[in-house]
Structures are given as structure tokens and as C-alpha cells.
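Just below is one structure, and these are the notes that go with it.
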Amino acid sequence: MNGKKGSSIRIDICLPPSTTPQSETMKKSTNNHNGKAAIPMRKLMMEVLEFAREDTNRVTFSLKVGLACLLVSLLILIQKPYQVFGTNIIWSILTVAIMFEYTVGATFNRGFNRALGSLLAGIFAIVVIQVAMSSGHIAEPYVIGLSIFLIGSVASFMKLWPSLVPYEYGFRVILFTYCLIIVSGYRMGNPVRTAMDRLYSIAIGAIVAVLVNVLIFPIWAGEQLHKELVSHFNAVADSLEECVRKYLSDDGSNHPEFSSTVMDDFQDEPAYRKCRATLNSSAKLDSLASSAKWEPPHGRFMQMFYPWGEYVKVGAVLRHCAYEVMALHGCLHSEIQAAYNLRCTFRTEILDATDQAAELLRRLAKDINNMKHNVQTSLLKHVHGSSERLQRSVDVHSYLFTLGGHQDASPPSKPPSARLSNTFSFNNNNSNNDGEETTAVQTESYHEMMRRQQRRLHSWPSREVDGFEEDAAAGADSFPRMRALESTAALSLVTFTSLLIEFVARLDHLVEAVAELAKLANFRQDVAC
């Protein structure tokens with residue numbers, strides 16, 4: 001400014017912190033970050049609340065574990081108990097955390113393995129320590145090391161033995177308890193005293209875990225098993241009705257791609273997912289039954305040596321029936337589908353058999369839930385009667401499934417169904433006068449109707465039928481092949497009805513299994529004629 005070379009003037013403009021570009025950018029990014037984080041956090045909270053609302057016992061179990069850990073921690077937080085037990089009281093907290101299970105029976109089972117494993121490990125440790133001390137200072141570490149190797153090898157091998165698999169946790173307890181006791185005792189001195197103090201601490205933790213689990217809102221494995229089996233009965237009944245009604249109401253107008261339906265896990269069929277869970281419930285029922293055997297008589301199950309194993313057997317028979325429901329579900333989503341009007345021919349018989357079978361399943365579920373034994377004589381007869389009517393209907397109308405037979409034989413004199421009087425009508429009044437000409441005209445008109453119907457329903461074999469229409473040179477040679485394709489589509493209905501009849505037949509075994517459970521569990525007798 002004054003003309004001197006190289007001189008310059010710098011003007012600094014100070015902006016408030018709130019108006020700097022960096023602060024504005026930071027504020028925007030913070031707001032965006034908080035907005036994006038708020039939505040997942042809210043969604044996570046809703047999922048947690050929904051998970052807890054499904055089974056309130058989950059919240060009860062969590063609170064009980066926290067209470068048990070607090071009680072044993074007081075032995076460390078309070079000075080006088082800590083002076084008595086010292087740092088070994090940490091084993092009490094470890095025992096509670098490992099031993100506390102969801103149900104009372106599982107806690108007793110885990111506690112038995114824990115107690116027996118700790119006792120055996122303590123005995124082995126005391127014996128080995130005495131032998132090592134008597135062998136001298138030089139040989140003592142070698143004896144201890146060799147004993148750790150042998151105990152680890154033997155315990156790991158024995159827990160793999162098939163008959164000892166239920167006690168796998170006990171062998172694991174033997175291994176780590178023995179190693180910790182003998183190594184820490186060797187370095188701390190007075191190993192026998194160390195082993196006894198730790199066994200006392202383990203016993204304190206086990207007692208606290210059992211008392212809290214049994215006395216404060218107990219969750220019984222037997223009750224869980226009882227409710228689980230009842231829910232499986234209702235799930236199979238709901239899935240059966242859902243599958244059959246959807247099969248009979250599907251006119252082919254809405255036929256989504258099968259791969260997308262599978263990827264969506266059949267969102268429009270909630271009962272199907274429950275039925276699939278029933279098929280995968282074997283391990284859960286076995287686990288609950290094993291835990292229930294450890295529980296004392298309680299609630300509605302005051303009988304000594306309650307037959308929990310029968311629940312597993314009933315569940316196995318129920319899964320045997322559920323396999324047929326899954327097969328019916330496969331027919332529902334198969335590529336080869338019978339015409340809608342043909343399905344309507346047997347609609348009454350199929351619905352009757354389905355309703356009767358589902359009602360029997362729900363009645364059995366109600367009897368198990370109420371612990372009553374109703375001899376379902378009348379209902380079982382109705383189920384078999386509806387199944388026999390369906391069988392007779394399929395037999396009487398069997399000519400509908402073999403379209404090629406129309407050239408050689410005419411349908412029965414009595415109409416198969418009033419619902420198909422306009423669709424499947426064959427004029428036989430002039431058969432004596434027209435002869436072969438009338439039969440040819442009827443066959444051609446019938447196949448024209450079938451082509452229009454397949455095109456409307458978008459069902460198999462529509463692509464084949466369209467191919468026949470485009471191939472004008474085929475002529476009369478295309479009819480035999482088209483009849484074969486239509487017969488295959490019609491036979492899919494036979495498959496569906498056969499699976500339903502087989503499901504009804506398997507219900508006999510289910511009724512017998514429930515009756516055996518009622519007999520061994522001493523359900524109240526109530527004869528329903």
C-alpha cells in the first residue's frame with residue numbers, strides 16, 4: 001500500500017463458530033447420523049419388546065440369573081464372608097453362571113453333573129497331590145503333569161461314549177476343575193486346603209442357583225413340554241385346513257413364481273411355517289423330556305415317575321402325520337395342477353374329510369391340555385366315514401382322470417356331479433345313430449374346451465397346448481399326446497386326495513398314542529360316545 005516492494009496487508013475476518021462452514025458441515029453430518037441411528041435403534045427396541053412379549057418367561061429367567069449372581073457376589077462385596085472364603089468364592093459366581101438353566105429340570109441336571117464332576121475332580125486332585133508330595137520335590141511336577149495328561153485324555157474319550165453323552169458336561173467339569181485345583185494348589189501351597197475351599201465355594205453357588213430357580217417363579221420343563229405338544233397338534237390342524245382350502249380355492253389366476261415364493265418363506269401361509277416347526281421339534285421335545293425327568297412332582301404333574309417319555313412318542317407319531325401335510329403342501333405348489341373345475345368335483349368330500357380330521361386333532365389337543373381321556377369313538381367314525389366317501393367318489397368318477405377312455409367307453413349313466421353338468425357333458429342319446437362320428441365330434445369339442453380352460457388358468461400343460469395350436473400341420477396326431485398331458489394334470493388331483501386319505505389313516509396311530517399317554521399319566525376318564 002505504501003509502495004514498498006513486497007509489502008502486503010492481511011485482513012482476518014472472524015466468523016462466529018456457529019456460522020463457520022466446517023461447523024455447518026459437521027452439524028449436518030451429525031444430524032444425518034443421528035437420524036439414521038435413531039431408526040435402527042427404535043426398530044431394535046421394538047424387536048426386543050416383541051421377543052419378550054412372545055414369552056414372558058424369558059424376562060423372568062434373565063432377572064433370576066441376575067439375582068442369583070448378585071447374591072453370590074455379596075459374599076465378596078461384604079467383608080466378613082470374604083475373610084472366611086477369600087478369593088475362592090469366585091468359584092461360586094462361576095458355578096451360578098454355568099449351572100443356571102432356563103428350566104428347573106435342566107438346572108437340576110446341570111447341577112448334578114456339576115456336583116458329581118467337582119466331587120470326583122476334588123478327590124482325584126487330593127489323591128494325586130498326596131502321591132506327588134510323597135515322591136519328592138524332583139518327581140512331583142512330573143507326576144502332576146502326567147496326571148493332567150491322563151485325566152484330560154480319559155475324560156475327553158469317555159464323554160464321547162454313546163451311553164455317557166447325557167453326562168458330557170460332567171466330564172468337562174472333571175477336566176477343568178481337576179486342572180485348576182491341582183495346578184493352583186501346587187503353586188500356592190497347601191493344596192488340600194485349596195481343594196476343599198473351592199469345593200465349598202462350588203457348593204454355595206449350586207445351592208443359590210437351585211433355590212432361586214425353584215422358589216422364585218419356577219419355569220418347569222414338564223409344563224413347557226406339555227404346552228409344546230398341544231401347540232403342535234393345533235399347528236398341524238391349522239396347516240391342514242389352510243393347505244386344503246387354498247388348493248380348492250386356487251383358480252390359477254394368481255400363480256406367483258415358485259422360486260420367489262420359496263425365498264419369501266411362504267409369507268401368505270403362516271400355518272405352514274408352524275407345521276414345519278413341528279417337523280423340526282424332535283430335538284426340543286427330547287431335551288424338555290430329559291429335563292422334566294429331573295423335576296420333582298409339581299403343579300398338575302404330581303405323579304411320581306411321570307411318563308414324560310410318552311410325550312416324545314406322541315410327538316413322533318404327530319410328526320408322522322405332519323409329513324403328509326407337507327406333502328399336500330408340495331402338491332399345492334407343484335407345477336402340474338388339475339383343472340379348477342375338476343377340483344370342484346370333489347370339493348364337498350375333500351372339505352368334509354379335512355374338517356373332520358382337523359376337528360379330531362384339535363379335540364386330542366384339548367384332551368391333552370385338560371389332562372382328560374375322551375374315547376373319541378364317534379368323531380373317529382366320522383373321520384373314517386368322510387375318508388370312505390372321498391374314496392368312493394374318486395372311484396366312481398375315475399373316468400375323469402383317464403381322458404383317453406372316453407373314446408372306448410361312455411361315462412356312467414348317472415351324472416358325476418351337478419357342478420360339472422355344463423363343463424363335462426357328453427350327449428349319448430344319439431350314440432346308436434351317429435356312432436363313431438358323434439364320438440369324434442365330442443372328443444374334439446372337449447379338447448377345445450380344455451385348451452381354453454388351460455389358457456385361462458395359466459396352469460400346466462398350457463405351454464404344450466399352445467404349441468399344439470401353433471403347429472397346424474400336426475392335425476389329428478396331436479390329440480393323443482394332448483390327452484396324455486391332460487390326464488397327467490388330472491392325476492395330480494388323485495395324488496392330493498390319496499395323501500389326504502393317507503393322513504386320515506395315520507390318525508389311528510395318533511389316537512392310540514394319545515390313549516397310551518392318558519393311561520400311563522392317569523388322565524381323567526371321560527367317555528364321549
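The values are calculated or read from the model by the stated rules, or taken from the named source; none is laboratory data. This structure is a prediction, so every number in the text was calculated from the model and none was measured. Virtual Cβ from ideal backbone geometry, glycine too; neighbours counted across all protein chains shown. Surface areas here come from the heavy atoms of the whole protein model, side chains and all, with no ligands, DNA or RNA. Shrake-Rupley method; radii C 1.70, N 1.55, O 1.52, S 1.80 Å.
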Karplus 3J(HN,Hα) series, Hz, for the stretch 274-285 with 6.51 cos²θ - 1.76 cosθ + 1.60 (x for Gly, Pro): 5, 5, 5, 5, 5, 5, 9, 8, 4, 5, 5, 5
Gained length - L74 relative to S153, 0.36 nm times residue gap less alpha-carbon distance: 24.7 nm
Counted charge near C179, where neighbours are those whose Cβ lies closer than 14 Å (Asp, Glu -1; Lys, Arg +1): +3
Amide proton proximity set for A139, modelled H, under 5 Å, gap of 5+: none
Residue-level accessible surface for W308, protein heavy atoms, 1.4 Å, Å²: 10
Calculated from backbone phi, Karplus (6.51, -1.76, 1.60) coupling profile of the stretch 50-65 in Hz, x at Gly/Pro: 5, 5, 6, 6, 4, 8, 5, 5, 5, 5, 4, 4, 5, 5, 5, 4
Surface per residue (accessible, 1.4 Å probe) for the stretch 270-411, Å²: 44
Restraint check, K313/K519; K313/K372; K227/K372; K293/K366; K159/K313; K274/K372, Cα-Cα greater than 22 Å: K293/K366; K159/K313; K274/K372
Modelled FRET efficiency - R0 60 Å, R245 with L215, Cβ distances, 0.05 increments: 0.80
Amide H contacts of E101 (H built 1.01 Å from N, under 5 Å, at least 5 apart or other chain): T107
